[in-house]
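See below for the structure under consideration.
The values are calculated or read from the model by the stated rules, or taken from the named source; none is laboratory data. All of these numbers come straight from a predicted model, not from anything done at the bench. Positions of Cβ are backbone-derived with ideal geometry, glycine not excepted, and every protein chain shown enters the neighbour counts.
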Amino acid sequence: MMRRLQLWWGALVRPDRGGALVLDGQPGLELFLLALVALLYGVYGAAMGLFRCGWDEGWLMAWLPTAISALKLPFLYLFSLAVCFYPLYVLNLMFGPRLRPAQCLRLLLLAISANAAAIASYAPFSAFFALTTSRQGYSFLVLMHVAVLGLAALASLVVIGLIFRATGEAAGRRARPSFMVVWALLYAFVGTQMSWVLRPWIGSWTGPYAMLRPRGGSFIEAVWHLLGRVF
Amino acid sequence: MGKSKDDKPAPRRRGGNGPKAEDDLPVESALDAAVAERRISRVIRRAAEVEPAEPEPAPACELAEPELAPVADCPNRPESAPLASLAPQTRSDGGTIFEQMGAPAAEPLEPASFPRGFWGQIDYLLNNPGRVMASLRADEGLVELARVLGLITVVMSVAYGAVMGASNLLLGSTMPLWGKLVLVFVTALKVPALFLLSAGIVYSPIYVSNAFMGARHSWRQVLALLLSTTAISATVLASMASVAFFFALTSTNYDFIKLLNVAIFAYAGIIGLQFLLGAVRLMDPTPMVGRRRNLLVLWLLLYIFVGTQLAWVLRPFIGSPNEEFQLFRERRGNFYESVLHSAGRMFVDEDGR
C-alpha cells in the first residue's frame, strides 16, 4: 500500500516516470487509483457539505449533508470519466498518441488523481471556513469553493499537461497540446452538466435540505440566463 | 538498432545486486530505467533517420519497449510494435491528422489485412487508417474490404441511431409511448440510411469527374473509398453515443439536444472527410495542384451539401416534443435555417431577450 502510494506520488512529481507508468502499468494499479481518487474527492466533498450540517435539526441532519456531498463529488468526477471514456479513447486514436484502452484508462485515472490530490489538499482549509462561517454567509462560501476549485484545477492542469506529454514521448509519438485541450473540453462539458444535475453541493440555509433538485435545463442555459439577468 | 542484451539495467536492478539507494523501490527504478532506455532508443532512431542512405528496417519490437519486451514477447504486445514502425517520422509538422497518422510517407505502407471478429476490425480501422489508404491505392482485395467497412458503417450508425431515437423517451414530450418506442427503431434505421444514401448519391459524380480529370480509379476503389469514409464517420459517431445519451438523460431542452446532435454529427463528418482527403491524396499518382485540388474541394462541398440535405429530408430523428409521431415530415424550410432557429430559441429568453 505504502509502496503504491509512493509510486503514485513519484509519477505525479516526476512526469517522465508517470509516462512510463501509464504505458507499462502495474498489477492492480487501476483499482488502486480508482479507490484513491474516490477517497480524495470524498474528503473534499465532506468539507463542502459541512456547511449545511446542524445539530439543532436532529441527529440525521448533523451528518447527512456531509455524507451526501462526500458521495456526490467522487461520483461527479468518476461518472463523467465513464461517460467520456470511449469518446476520449477514439479521440486519442485520431489525434493523440494512440494508446490502447488500458493505457488510456491509466492515463485518465492518473490525470484525475492529480486533480483529486490538489483539491483534497484544500479540504482542511474549506472545512475550517465551512465551520466558522455564519449561516447567512452562503454566497461567500460559494465564492470560496469556486476559488479553491479553480486554484486546484490550475495547479493540477500543469502536472496533467506534463504527464500527457511524457506519455506521448514514452510511446514514441508526439502528443499535441491541442489533443489535450480537446480532451479537457469534452470532459469539462460533460462534467459541468453532471455537476448541474447533482446540485445542491453546499446547500443554503434558506430552505429545507434537499439531496437532489428536480432535473431540467442544462448548465449552459442556466449560465446564459444568469448572464442575461446580470446585463 | 545498436542495442544488445547487455545494456538492460531494469531486470538486474530488480534482482537487487547493486548497492544503490533506489533498491528499496525496485518498481520506480525500473520505471526510471524504462524512461532512460526509451530516450536512448529515440536518439538512435533519430540519428538513423538523418542519414537517408540506409533506411534501416528495424525490428518493431526494439523500437517499442526494449527492456520490457524481449523479442519472443513481440506478438503479445501489438499495442506499440506495429504502430511504431507504421508512423515514420519523416513527415514534417502541419499535416492533417491522418497524414500525421502515417499515411503518405516516403516508404509505402503494407495494404490492410483486417483481422477476424467485428471489434478487432473496428480497432484495426481506427489504428491503421494509413494501411486502409494503402490498400485503396493498391486496388487489392477491395471487395472484401468494402464488405467489412459496410458492416462497420451499418452497425455503428444503427447503434447511434437507437440512442438518438431514445432521446425522445426522456424528453417528456406529448407523444404517446408507442410512438416513442417506434421512433427508436425508425431512427436506428434512418442514420445508416443517411450514411449509405449520401455515399450512394455522391458516388457517380465522384467517379465520373475523377475519370475525366485523368485519375483512373476503378469502381471498386471509389466504392471502398466512400465506405471507409462512412465507416470512420460512423465509428466516431458511435463513440459519442455515451455523451449524447448522458445529455438526453439530464436535459429536457429539445433545442439543446438537437444542437448537440448536430455538433456530434459535424465532428464525425469532419473526421470522415479528413480521411477522404488523405486517401485521395495518397491514391493520386501526381501531386495535387491546380484544377485537381479545386475539384477535391468541390467534392467535399458536394458531400457535405448532400449529407445535410438528406438529413433534412429524413427528419425527424429525435422528434419535437410538441408534435405527433411522424415517419417523415413535410418538405419545408431547410437544415441551416432550422439550426439557426434552435440556437435562437435556446439562447434568447421567452421575453425576447
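The conditions of being crowded, with 18+ Cβ neighbours inside 10 Å and either touching a Ser or Thr at 6+ places or on another chain (Cβ under 7 Å) or at pLDDT 90 or above (or both) are not met by B:S135. Only one residue in A:P97, A:P27 is more than 9 Å from chain B (Cβ to nearest Cβ), in contact with a Ser or Thr (Cβ under 9 Å, 6 or more places away or on another chain) and not in a helix (DSSP H, G or I). Which one? Unique residue meeting the criteria: A:P97. The requirement of being surrounded by fewer than 20 Cβ atoms within 10 Å (Cβ to Cβ), away from every other protein chain (no Cβ under 14 Å), modelled with pLDDT of 90 or more and part of a helix (DSSP H, G or I) is fulfilled somewhere in region B:161-174, by at least one residue.
Just one residue in the set A:F125, A:F140 is part of a helix (DSSP H, G or I), exposed (fewer than 15 other Cβ atoms within 10 Å of the Cβ) and at pLDDT 90 or above; that residue is A:F125.
Suppose we keep only residues that are of a type in the set (G, A, S) and within 7 Å of another protein chain (Cβ to nearest Cβ) within region B:233-256. Which one would you say is nearest to A:Y86 (Cα to Cα)? So the residue we want is B:S239.
Residues that are surrounded by fewer than 19 Cβ atoms within 10 Å (Cβ to Cβ) and within 11 Å of the chain's Cα centre (by Cα) were ranked within region A:77-88; the one that is farthest from the other protein chains (Cβ to nearest Cβ) is A:L78. Here B:A279 clears all of (1) among the hydrophobic types (A, V, I, L, M, F, W, C); (2) surrounded by fewer than 22 Cβ atoms within 10 Å (Cβ to Cβ); (3) more than 19 Å from B:L197 (Cα to Cα) except the condition numbered (2).
A:D16 versus (1) part of a helix (DSSP H, G or I); (2) within 30 Å of B:S242 (Cβ to Cβ); (3) modelled with pLDDT under 85: which is the lone unmet condition? (2) is the only condition that A:D16 fails. Taken together, the residues in region A:156-175 that are hydroxyl-bearing (S, T, Y) and away from chain B (no Cβ under 13 Å) amount to 1. Return yes or no: is A:G49 away from chain B (no Cβ under 14 Å) and surrounded by fewer than 22 Cβ atoms within 10 Å (Cβ to Cβ)? In short, no.
Looking only at region B:240-278, residues that are within 23 Å of B:I304 (Cβ to Cβ), modelled with pLDDT of 85 or more and among the small types (G, A, S) come to 7 in all.
Would it be correct to say that A:L91 is at pLDDT 85 or above and either crowded, with 20+ Cβ neighbours inside 10 Å or more than 14 Å from chain B (Cβ to nearest Cβ) (or both)? Yes, satisfied. Of the candidates B:A215, B:A188, the single residue that is farther than 19 Å from B:L298 by Cα, among the small types (G, A, S) and out of contact with any Pro (no Cβ under 7 Å at 6 or more places or on another chain) is B:A188. Just one residue in the set B:L177, B:L145, B:L225, B:L183 is surrounded by fewer than 21 Cβ atoms within 10 Å (Cβ to Cβ) and more than 26 Å from A:Y187 (Cβ to Cβ); that residue is B:L177. Condition test on A:L50, is it at pLDDT 90 or above, in a helix (DSSP H, G or I) and either more than 20 Å from A:D24 (Cα to Cα) or in contact with a Cys (Cβ under 7 Å, 6 or more places away or on another chain) (or both)? No.
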